[in-house]
Amino acid sequence: MIQDASLVTGNLSVSQFLDELNLELSGMAARVQGEVSNVDARERVVYFTLKDKKDESTLNCLIFRNQYEISGVHIAVGDEIIVEGVPEIYKPNGRLSLKVGVIELFGEGALKKAYDALKLKLELEGLFAMERKRILPELPERIALITSEQGAAIGDFTMNLGAQGFHVHFCPTSVEGKRAVLEIISAIRFFNRRFKQYDVLVITRGGGSLESLQAFNNEALAREVAKSKIPTLLGVGHEKDVTLASLVADVMVSTPTATAKTLRYHWDEARQFVEHFRHQLPARFREQFFGVKNELALDGEVLLSHLRTFRELIVTLRQDISGKLVFTQSIVRHQFTGLNEEQKNLRQKFIAMQEKASQKLFHCEERLKQYDPKRVLKLGYGLIRKGEKIIKDVSETAIGDILGIQLSRGKLQARVEKIIP
């Protein structure tokens with residue numbers, strides 16, 4: 001609290017005084033309605049001025065860019081809006097401004113206009129297209145639930161969900177007003193960080209006016225729903241209420257009650273099938289049993305008939321095979337005797353051919369010995385070469401040629417000094 005002047009014992013600096021004043025002003029949060037008379041959108045902060053249409057009073061306002069984007073309202077001069085914030089004096093210039101946290105459009109007409117413009121934008125981007133929507137799991141068990149813990153929506157949802165054995169993880173949030181946008185986005189992100197733990201993400205609330213449903217017509221929230229890794233089911237409002245967040249969801253229904261019934265539909269259907277078969281299965285079993293029993297009896301008779309025929313066929317085949325086996329053995333013995341005779345003849349012919357070949361080899365060996373150059377060399381003759389060529393005539397040499405002379409033992413090199421024809 002700012003101290004009474006009579007109680008102040010020392011002088012305050014300007015900075016200290018402004019700090020004390022801002023501390024006092026921080027407790028004066030308010031919702032203010034007015035007409036936008038000036039807008040200056042910068043990189044981090046959006047500055048604007050609100051004007052009272054009755055007496056032209058003005059109020060300087062500012063909102064940080066990220067909060068402005070989440071608000072989903074792009075203000076322009078002439079717009080009638082409602083803002084929530086706290087007053088604060090900017091110390092470097094002593095200027096009083098309202099530091100805004102939330103911006104809302106005022107009036108059904110303005111809200112409808114903004115709704116239609118954003119709907120067209122998201123539709124052109126393809127966020128409403130059926131081909132991008134996912135089918136919910138047929139028998140969901142693990143449900144991530146986002147709604148208010150106050151009001152009728154949570155009661156309607158829980159009552160109609162019934163005792164199905166669902167595992168519901170509930171994250172309470174606001175579902176009305178601009179603060180709801182931040183809380184619902186935060187809840188969606190919380191569940192999506194654990195997306196493998198859930199089968200379906202449910203967001204629900206009851207019906208209301210266009211103004212009360214503004215959180216679900218927010219661009220940031222609609223985009224967060226569209227990019228959820230968990231399949232989404234939105235039950236917001238009544239039949240006449242169609243929010244943009246619902247349009248981008250994988251499945252859209254009209255009420256919390258319809259949301260719960262959608263989740264339990266296939267479970268109820270499965271239960272009905274089980275109940276139906278519980279009564280029908282015994283009768284069907286008896287019917288099938290006696291039918292199969294009769295078929296087996298008929299098939300048994302047919303099988304026995306086939307077995308008798310098969311046994312007779314085996315006896316006939318055995319007799320036929322035995323006769324053929326005796327005949328075959330006789331032929332084999334005859335052929336075996338002939339093979340023995342042929343073997344003796346072949347052995348005799350092979351021995352004769354071997355002796356003849358040995359004689360020819362001996363003959364050839366004797367002739368090779370006679371023509372062996374080494375034999376001639378041993379008699380004192382020599383083999384004369386010019387390079388690799390054997391010299392047979394003096395005309396093949398010239399004075400000065402180097403000749404190689406091979407003797408029986410060793411070699412000589414000689415130079416041609418004289419040629420005698």
- Which of the residues that make up segment 38-60 are surrounded by 16 or more Cβ atoms within 10 Å (Cβ to Cβ) and more than 45 Å from the chain's Cα centre (by Cα)? PHE48, THR49, LEU50, LYS51, LEU59
- Query: Before we move on, is THR158 assigned by TED's automatic domain parsing to the domain that holds GLY237, among the polar types (S, T, N, Q) and within 30 Å of VAL45 (Cβ to Cβ)?
  - Reply: no
- Message: Can you find, within segment 259-280, the residue that is farthest from GLN150 (Cα to Cα) among those that are surrounded by fewer than 19 Cβ atoms within 10 Å (Cβ to Cβ) and aliphatic (A, V, I, L, M)?
- Response: VAL274
- Members of segment 296-352 that are within 60 Å of the chain's Cα centre (by Cα) and of a type in the set (A, V, I, L, M, F, W, C): LEU296, ALA297, LEU298, VAL302, LEU303, LEU304, LEU307, PHE310
- Please give the number of the condition ALA245 fails out of (1) of a type in the set (Gly, Ala, Ser); (2) out of contact with any strand residue (DSSP E or B) (no Cβ under 9 Å at 6 or more places or on another chain); (3) touching a residue at least 40 places away in the same chain (Cβ under 8 Å). (2)
- Message: Can you confirm whether ASN93 is more than 30 Å from PRO172 (Cβ to Cβ), free of Cβ contacts under 8 Å to residues at least 12 places away in the same chain and among the polar types (S, T, N, Q)?
- Response: yes
- Item | Test result for ARG318, not aliphatic (A, V, I, L, M) and not assigned by TED's automatic domain parsing to the domain that holds LEU407 | yes
- Examine segment 274-281 for a residue that is under 30 Å from ASP156 (Cβ atoms) and touching a residue at least 60 places away in the same chain (Cβ under 8 Å), and state whether such a residue exists. no
- For segment 152-247, list the strands (runs of 3 or more DSSP E) that sit wholly inside it and hold at least 2 residues that are buried (at least 21 other Cβ atoms within 10 Å of the Cβ); which are they? 200-205, 232-236
- Among (1) within 29 Å of the chain's Cα centre (by Cα); (2) in contact (Cβ under 8 Å) with a residue 12 or more places away in the chain, where does GLU239 come up short? (1)
- Query: Of the residues in segment 402-415, how many are outside any strand (DSSP E or B) and modelled with pLDDT of 85 or more?
  - Reply: 1
- Restricting segment 125-151 to residues that are in a loop (DSSP other than H, G, I, E, B) and polar (S, T, N, Q), which is surrounded by the fewest Cβ atoms within 10 Å (Cβ to Cβ)? GLN150
- Members of segment 61-76 found to be out of contact with any strand residue (DSSP E or B) (no Cβ under 8 Å at 6 or more places or on another chain) and either loosely packed, with under 13 Cβ neighbours inside 10 Å or at pLDDT 90 or above (or both), listed by number: ASN66
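The values are calculated or read from the model by the stated rules, or taken from the named source; none is laboratory data. All values reported here derive from a predicted model rather than from experimental measurement. Quick reminder, even Gly has a Cβ in these numbers, built from the backbone with ideal geometry, and neighbours come from all protein chains shown.
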